[in-house]
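Worksheet for the structure shown next.
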Amino acid sequence: MYNLEELYQEVIIDHNQRPRNFGKLDSANKTAEGYNPLCGDQITLYIEFNDTVIKEIKFYGSGCAISKASASLMTESISGKKKSEAMVIFNNFRNMITKTSESKFDPDILGDLEILKGVSNFPARIKCATLAWHTLKSMLDNNDQTVTTE
């Protein structure tokens, strides 16, 4: 039987070595870029919207294992969702990772993303885990500037 720390490490390693939805998306009708100068993580998100639904999402870039794993898990969790649903997932994820006293999140909304909860114990890695998410939020907010974690 695995403990949570072992499972967390396995998921990070798996999504880092075999990221889901990694690559460029030729049919994308929206892109956004993010950069984490602390760790050197760089990401470009590609989304194909069908009305208000995220029909397909991919990411491309380089970064640490946590950054890449988080982006991979994010793309799996929001593909096929409406923009409003993606924002609810974003807010729950942010609340889980930041772990402040008023931060509440719904594990049922997060599903498999809850495995990244352990990142909240490493403040220096929170920016790595949230880079893709803040880049997504910027895109959903129609902000065309590169997202930076600084």
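Below, the figures for the structure above:
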| item | result |
| --- | --- |
| Every residue from the range 68-98 that is in a helix (DSSP H, G or I) and surrounded by fewer than 19 Cβ atoms within 10 Å (Cβ to Cβ) | Glu76, Lys83, Ser84, Glu85, Met87, Val88, Asn91, Arg94, Asn95, Thr98 |
| Residue check for Phe59: assigned to a strand (DSSP E or B), among the hydrophobic types (A, V, I, L, M, F, W, C) and touching a Ser or Thr at 6+ places or on another chain (Cβ under 8 Å) | yes |
| Pairs, first in contact (Cβ under 8 Å) with a residue 40 or more places away in the chain in the range 124-150, second in a loop (DSSP other than H, G, I, E, B) and among the acidic types (Asp, Glu), C-beta under 9 Å, six or more apart | Lys127/Glu150; Ser138/Asp144 |
| Residue within the range 32-46 that is of a type in the set (A, V, I, L, M, F, W, C), over 14 Å from Trp133 (Cβ atoms) and out of contact with any strand residue (DSSP E or B) (no Cβ under 9 Å at 6 or more places or on another chain) present | yes |
| Residue list for the range 55-75, filter: in contact with a strand residue (DSSP E or B) (Cβ under 8 Å, 6 or more places away or on another chain) and farther than 15 Å from Thr135 by Cα | Lys55, Glu56, Cys64 |
| Enumeration of residues in the range 47-67 that are more than 13 Å from the chain's Cα centre (by Cα) and aromatic (Phe, Trp, Tyr) | Phe49 |
| Selected residue (criterion: surrounded by the fewest Cβ atoms within 10 Å (Cβ to Cβ)) from residues of the range 45-67 that are within 19 Å of Val147 (Cα to Cα) and in contact with a Phe, Trp or Tyr (Cβ under 8 Å, 6 or more places away or on another chain) | Tyr60 |
| Condition check for Glu48: closer than 23 Å to Arg18 by Cα and either assigned to a strand (DSSP E or B) or touching a residue at least 60 places away in the same chain (Cβ under 8 Å) (or both) | yes |
| Total residues in the range 21-44, condition under 25 Å from Phe122 (Cα atoms) and crowded, with 17+ Cβ neighbours inside 10 Å | 9 |
| Matching residues, the range 114-150, being under 15 Å from Ser67 (Cα atoms), among the hydroxyl-bearing types (Ser, Thr, Tyr) and part of a helix (DSSP H, G or I) | Ser120, Thr130, Thr135 |
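Every number here is computed from the coordinates shown, using simple stated rules; none is lab data. This structure is a prediction, so every number in the text was calculated from the model and none was measured. Cβ coordinates were reconstructed from backbone atoms using ideal geometry, including for glycine residues, and neighbour counts include every protein chain displayed.
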